[in-house]
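Please treat every number below as a calculation from the coordinates, not as lab data. All values derive from a computational prediction rather than experimental measurement. Every residue, glycine as well, gets a Cβ built from its backbone with ideal geometry; the counts of neighbours run over all protein chains shown.
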Amino acid sequence: MLNALQYRILRSLYPRSPDLLVEAGDRSKLDLLGSNFLSKIPGKSVIDFGCGIGTEAIEMAQRGAVRVIGIDIREECLQIAREAAARAGVQDRCTFTTSTSETSDIIVSIDAFEHFKDPAEILRIMNTLLKPDGEILLSFGPTWYHPLGGHLFSVCPWAHLMFSEDALIRWRSTFKTDGATRFSEVAGGLNQITIKKFEKLVAESDFWLLNMERVPIGRLKRVHNRLTSEFTTALVRGELVKRESSLASSGIYSKALP
């Protein structure tokens with residue numbers, strides 16, 4: 001009964017397709033990894049985990065990376081990436097594939113960690129692909145408690161928390177016919193990760209969290225602190241190394257506070 005009522009409210013207030021509610025920006029997503037990221041990649045091998053159509057992988061090759069491997073589970077995206085790399089003249093340095101056994105100096109993941117079906121397994125895979133003294137640089141968000149943490153379900157702030165999953169999925173089925181019955185089954189998937197869950201995943205993994213930054217939502221910056229960060233963080237930026245690496249044992253780095 002409650003799910004049906006919520007569905008009727010959604011259909012009445014938000015009759016448009018959720019695809020129409022998303023705006024794209026022109027900013028390079030590599031900027032999300034921090035201001036010093038581009039200085040790290042010249043002469044290095046890089047794996048882009050969740051590369052999509054390869055935009056960032058191609059840019060890294062253009063910026064001096066000697067080898068870039070883009071990994072994604074969607075073959076249609078990989079084919080677009082291969083064609084784009086050829087047009088950019090970096091096909092000799094870029095490979096796009098669903099998996100690899102090559103190791104790299106750096107692994108990046110941009111706007112993907114909240115979509116991985118099993119993020120703990122992704123960290124295990126990353127551990128096998130990262131060189132002993134390599135590093136993982138990631139940026140993701142919005143996380144689950146962000147006002148728009150429901151991504152395409154975010155017809156209003158915190159809609160994914162106010163309405164049930166069943167009601168939102170039923171509303172979505174008005175526009176989509178892919179048969180998804182859970183948030184995790186929609187295109188891209190949503191694993192409902194929070195900042196706390198991410199910290200726990202890393203703590204239980206083979207990685208050491210050198211730095212983590214909670215970048216605040218601009219308009220909520222004044223109320224952004226440790227207590228409110230789950231709700232006021234725009235994106236999470238992190239730097240990970242293997243626990244046995246020289247970087248972790250040197251004590252040079254430490255976990256950053258929000």
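Numerical summary
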read-out	value
Using θ = phi - 60° and Karplus 6.51 cos²θ - 1.76 cosθ + 1.60, couplings along region 193-198 (whole Hz; Gly, Pro as x)	6, 10, 4, 4, 5, 4
Residue-by-residue Karplus 3J(HN,Hα) for region 100-114, coefficients 6.51, -1.76, 1.60, Hz, glycine and proline x	8, 10, 6, 9, 9, 6, 9, 10, 10, 9, 10, 6, 10, 5, 6
Where only alpha carbons of region 64-118 are counted, the Rg and the Dmax (Å)	11.8, 34
Span from the region 52-93 Cα centroid across to the region 116-163 one, whole angstrom	22 Å
Relative packing of peptides 43-50, 106-113, 59-66 - highest average C-beta neighbours within 10 Å first	106-113, 43-50, 59-66
Residue order, fewest to most beta carbons within 10 Å, for Trp171, Trp208, Trp158	Trp158, Trp208, Trp171
